[in-house]
1. Of the residues B:A163, B:A190, B:A171, B:A204, which is buried (at least 20 other Cβ atoms within 10 Å of the Cβ) and out of contact with any Asp or Glu (no Cβ under 7 Å at 6 or more places or on another chain)?
2. Given A:T238, A:T214, which one is within 23 Å of B:R250 (Cα to Cα), polar (S, T, N, Q) and without any contact (Cβ under 8 Å) to a residue 60 or more places away in the chain?
3. Tally time: how many residues in the stretch A:292-312 are surrounded by fewer than 20 Cβ atoms within 10 Å (Cβ to Cβ) and not in a helix (DSSP H, G or I)?
4. Mind telling me which of the residues B:A183, B:A217, B:A136, B:A188 ends up being at the interface with another protein chain (Cβ under 7 Å from one of its Cβ atoms) and at positive phi?
5. B:L235 fails exactly one of the following numbered conditions: (1) at the interface with chain A (Cβ under 7 Å from one of its Cβ atoms); (2) outside any loop (DSSP other than H, G, I, E, B); (3) more than 20 Å from the chain's Cα centre (by Cα); (4) at pLDDT 95 or above. What is the number of that condition?
6. Hey, does the stretch B:181-189 have a residue that's under 30 Å from B:T101 (Cα atoms), assigned to a helix (DSSP H, G or I) and free of Cβ contacts under 8 Å to residues at least 40 places away in the same chain?
7. Checking the condition out of contact with any Pro (no Cβ under 8 Å at 6 or more places or on another chain) and surrounded by fewer than 17 Cβ atoms within 10 Å (Cβ to Cβ), which residue from A:G48, A:G52 passes?
8. Say we look at the stretch B:33-77 and pick out the residues that are modelled with pLDDT under 90 and not in a helix (DSSP H, G or I); which of these is nearest to B:L153 (Cα to Cα)?
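The values are calculated or read from the model by the stated rules, or taken from the named source; none is laboratory data. It should be emphasised that the depicted structure is a prediction, and the values quoted were computed from it without experimental measurement. For neighbour counting, all protein chains shown are included, and Cβ atoms are generated from backbone atoms with ideal geometry for every residue, glycine included.
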Protein chains: 2
Amino acid sequence: MKSDDHRASVHIVGAGLIGASIGVGLAAEGWPVTIADRDDDAARLARGIGAGGAPGDGDAPDLIIVAVPPAAAAEAVIAALRAWPEAVVTDVASVKTPIATAVDATGQGSRYVGSHPMAGREVSGSLAAQGDLFRARPWVLCPNGASASAQALVRAVAEALGADVVVMDAARHDATVARTSHAPQVAASAVAAALAGLDASDVALAGQGLRDVTRIAASEPEMWRDIARLNEANLRETLRHIIGDLEKVREAADMGSALAALIERGRSEVARIPGKHGAKRRDWAEITVIVPDEPGELLRLLNSVAEEYVNVEDLAIEHSPRQPVGLVRLSVLPARATALVEALVAEGWEIAAS
Amino acid sequence: MKSDDHRASVHIVGAGLIGASIGVGLAAEGWPVTIADRDDDAARLARGIGAGGAPGDGDAPDLIIVAVPPAAAAEAVIAALRAWPEAVVTDVASVKTPIATAVDATGQGSRYVGSHPMAGREVSGSLAAQGDLFRARPWVLCPNGASASAQALVRAVAEALGADVVVMDAARHDATVARTSHAPQVAASAVAAALAGLDASDVALAGQGLRDVTRIAASEPEMWRDIARLNEANLRETLRHIIGDLEKVREAADMGSALAALIERGRSEVARIPGKHGAKRRDWAEITVIVPDEPGELLRLLNSVAEEYVNVEDLAIEHSPRQPVGLVRLSVLPARATALVEALVAEGWEIAAS
């Protein structure tokens, strides 16, 4: 076990999006990687895009990365610990406690480090595998009872892939993601489901707020079925909290005051969600520009912005339901906003709001 | 009352963002506009930015637009109907039934048309007034018992401002916005409030999903207090629906299957939210590109895209919490995606996912 060696040999079990992306990324960095899948076609496909070679009869790998669906992860991790009795094993499931508990029962916990690379779930399909999938994304390490060398090896993998490593114990990870990821999914789906029965003309009143709240309601249900089962207690507790707050508004004698109180509480929490580079979210000035919905127009707008030497900190496009224009919301440094608006108007852009 | 005249004279009561923006927009189109506010400074400011003149002793206006906070709208509409017994009156409040009911009781309903211009509430402050605020946004007309000429006059105003006119009765409007706007606000705030107690390092695990769901949780509570009071019955019914769905998940013996079922229902509803130009949301291909967070880099990326003659249908920027790069998600026609990725890679762009 060469835990300090950044070129340790890696074997990946599971050639889906996450497994294949790890393989592509590590192989590109020169790590010796093999990849397998119980579906031979998936394994061949992954190898074909450079996610690693076929396992041979040579030396045992230093690290096994189990990248199977969350419901199958605990069993696969234990099988890997048994099959490679000298190797470090990690996995990529989005719920960590059930796996840690199952591993502890085997007495092999010193060789197991839980991982949760938080790559966007909106991407799917193994053909979409990219070595840079994890770059600049959080990668949670749950060391549990792992040895220092085992932790160092898994950290080296995450860092080789450009991820931001965050160390957290499994119980805390699961309680946190129930609130930051799992419950928001349930709430978004419930808000979307409440549109049932509206006519198409009614739904057309949807604004950007509804679009934002329900974007993740378009998620595939399969993985969420697993996640809810594995993180049931934490998700139940978070839903209890959210339902309690909704009930407080629904049952209030003065619904207006109850909602205002809830909004105040939510505002102070949402302000804690980090913005850029771990810094506190800044109050950018927003400028909304009307842009013809034609190729090149967005580019032309950003050219106009660049000519003023203003950096666009954020950008959102809202399409008009019935007109051939889009509303482009630019977030810029407040100190630059007024001059930028003047310059854009001078160049003929229509400003919808600033 | 010259309801067919697109240059009918208009008097605006209330010089906040909405009132002043209507004034600026109509005045720019050559309509004779006056504007007043019980706060003299606000009225002077609005007149200073071209939102209309001071009311004189001349002819009575043809149309009164009441643009006061929602809780004060019914009283102000009735006062306007009394003060100008020949004029048409409209208002801009986001809940319509209480005003329609109050007006009906006066017997003057033929002169009243309810309006709800659905301009982004994220913009605030009268200094932000812009005549184009309503362009390409829905503007709901609730005719109630209004005469045809009264309806035509208010429609002419909305169209002069470039809005998409949608006609709907007040009860239906209020039931609809409870589901498309008011309940999503409550749910977003409840999801945000459930982050209470997490450490800053935990909140740093927030992904784009949580950011999207909770964006409107940053809203100001004051207007929502009014809205909840005025639309209490509809909001209560929608919250009952959402709470019921959340309870079904929380109480399920198999939480995973219950969540998967809810996600399936939500998916079919969210697919009905119109995308561009009233068309059904298309399945764009998404390409995520790693972009250095420096002025001009986003522009350089879009230049690369434009060189391939690919139109960017949508664009979202996600900032990395700890690294000086952003992830830019481009939505493009699926048929163009593969060639675009190849071209971007050839130009040296790093693709995080496609």
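1. Details: B:A190 fails: out of contact with any Asp or Glu (no Cβ under 7 Å at 6 or more places or on another chain); B:A171 fails: buried (at least 20 other Cβ atoms within 10 Å of the Cβ); B:A204 fails: buried (at least 20 other Cβ atoms within 10 Å of the Cβ).
Only one candidate qualifies: B:A163.
2. Working: A:T238 fails: without any contact (Cβ under 8 Å) to a residue 60 or more places away in the chain.
Sole residue among the options that is within 23 Å of B:R250 (Cα to Cα), polar (S, T, N, Q) and without any contact (Cβ under 8 Å) to a residue 60 or more places away in the chain: A:T214.
3. Qualifying residue count for the region: 8.
4. On the way: B:A183 fails: at positive phi; B:A217 fails: at positive phi; B:A188 fails: at positive phi.
Matching residue, one of B:A183, B:A217, B:A136, B:A188: B:A136.
5. Here B:L235 meets the rest and fails (3).
6. Going through the stretch B:181-189, the residues under 30 Å from B:T101 (Cα atoms) turn out to be B:181-187.
Applying the additional criterion that residues be assigned to a helix (DSSP H, G or I) yields B:181-187.
Keeping just the survivors that are free of Cβ contacts under 8 Å to residues at least 40 places away in the same chain gives B:184-185.
Within the stretch B:181-189 (the criterion being under 30 Å from B:T101 (Cα atoms), assigned to a helix (DSSP H, G or I) and free of Cβ contacts under 8 Å to residues at least 40 places away in the same chain), the answer is yes, since at least one residue qualifies.
7. Working: A:G52 fails: surrounded by fewer than 17 Cβ atoms within 10 Å (Cβ to Cβ).
Going through A:G48, A:G52 in turn, just one is out of contact with any Pro (no Cβ under 8 Å at 6 or more places or on another chain) and surrounded by fewer than 17 Cβ atoms within 10 Å (Cβ to Cβ): A:G48.
8. B:D59
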